[in-house]
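Every number here is computed from the coordinates shown, using simple stated rules; none is lab data. Everything numeric in this text was worked out from a predicted model, so none of it was measured. Note that each Cβ is placed from the backbone with ideal geometry, even for glycine, and that neighbours are counted across all protein chains shown.
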Amino acid sequence: MRKRYSKGFNLYKYLFYLLLTFNLLAIGYFLYEEKINDVFGFKNAPKGNYLLGIDVSEYQGVINWNQLEAIKNEGALSFVIIRSTAGKDHRDRFFTSNWREAKKKGIIRGAYHYYRPNEKGMEQADFFIKNVKLSPGDLPPIVDIEKLSDVQSTKSLIAGVSTWIDRVGEHYGIQPIIYSGAYFYKKHLLGKFPNHILWVANYNKVKNPLVDYPWSFWQYTDKGEVRGIKGPVDMNVFKGDFIDLEELLLK
């Protein structure tokens, strides 16, 4: 009788600890998810096999890069994309410091150019090249095109963007990334640049950006909150894991 009680007691004890371990793991995962949400301040981040990142410009002001490094070390920040230039003559006021600090903190970085639709593509490409020195481990150069021109046709605008892509791609030896809003992309750019990497913006609460073209980066909100940055921040996901992301980087 005593043996049977002992065996039964051990079995219950085993089941108890097994259930306790399961619950602790579930709670730990929940807290990790909550920590990610707390870091980014936006609980509607897309779910899936994604890496989280941000993009910044002079509009974010002075950034506390020590805080971003801590977030990276927590596993909640995988990359940062930084505005470098706009048009043929504007260098982002905080590009130098942001670009330098991202490298120092070991955060994968990318530089993007805001394309002014009323200016020539070649002039804008040369200005970007003059101001941006890419290194192995950086993301490919990025062009941000989201508006039509007031002085030229859409066909001429597309030709200018193509000139920017060709000139910059030849200089750095890698195909640039195209950034655009989902609606603008589908209406004006879809099919114009085959085999490019797409970074799409869509802030609607959808499961994917819905652009009819394979995307790699998705800017899903412009109202994120990140420790170390005052004010709202654009939030992004990369579709894939670190191996996939590293395949895109300059060698």
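So here's what we get for this one:
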read-out	value
Asn208-Glu246 pseudo-label distance in nm [points 7 Å out on the Cα-to-Cβ vector]	2.6
Placed amide H near Asp92: partners under 5 Å, 5+ positions off or other chain	Thr85, Ala86
For Ile81, distant residues with modelled amide H under 5 Å away	Ile54, Asp55, Val56, Gly110
Net charge over other residues, Cβ less than 12 angstrom from the Cβ of Ile177 (K, R count +1; D, E count -1)	-3
GluC sites (Glu not before Pro) within the stretch 38-126: DSSP coil, no more than 14 neighbouring Cβ in 10 Å	Glu74
Full-stretch length increase - Glu58, Lys120 - with 0.36 nm per residue and alpha-carbon distance subtracted	20.0 nm
Derived scalar couplings ³J(HN,Hα) [the stretch 117-124; Karplus, 6.51 cos²θ - 1.76 cosθ + 1.60; whole Hz; x for Gly, Pro]	x, 8, 10, 6, x, 5, 4, 5
In sequence order, calculated HN-Hα J values of the stretch 79-95 (Karplus, 6.51, -1.76, 1.60; Hz; x Gly/Pro)	7, 9, 10, 10, 6, 9, 9, 9, x, 9, 8, 10, 9, 4, 4, 10, 4
Magnitude of the charge dipole, the stretch 100-251, Cβ model with Lys/Arg +1 and Asp/Glu -1, debye to 20	320
Amide H contacts of Arg116 (H built 1.01 Å from N, under 5 Å, at least 5 apart or other chain)	Gly87
Per-residue HN-Hα couplings for the stretch 199-216 [Karplus 6.51, -1.76, 1.60; θ = phi - 60°; Hz; x = Gly/Pro]	10, 10, 10, 7, 9, 6, 7, 10, 7, 7, x, 6, 10, 6, 8, x, 10, 10
Contour minus Cα-Cα distance for Lys230 and Leu190 (0.36 nm per residue)	10.9 nm
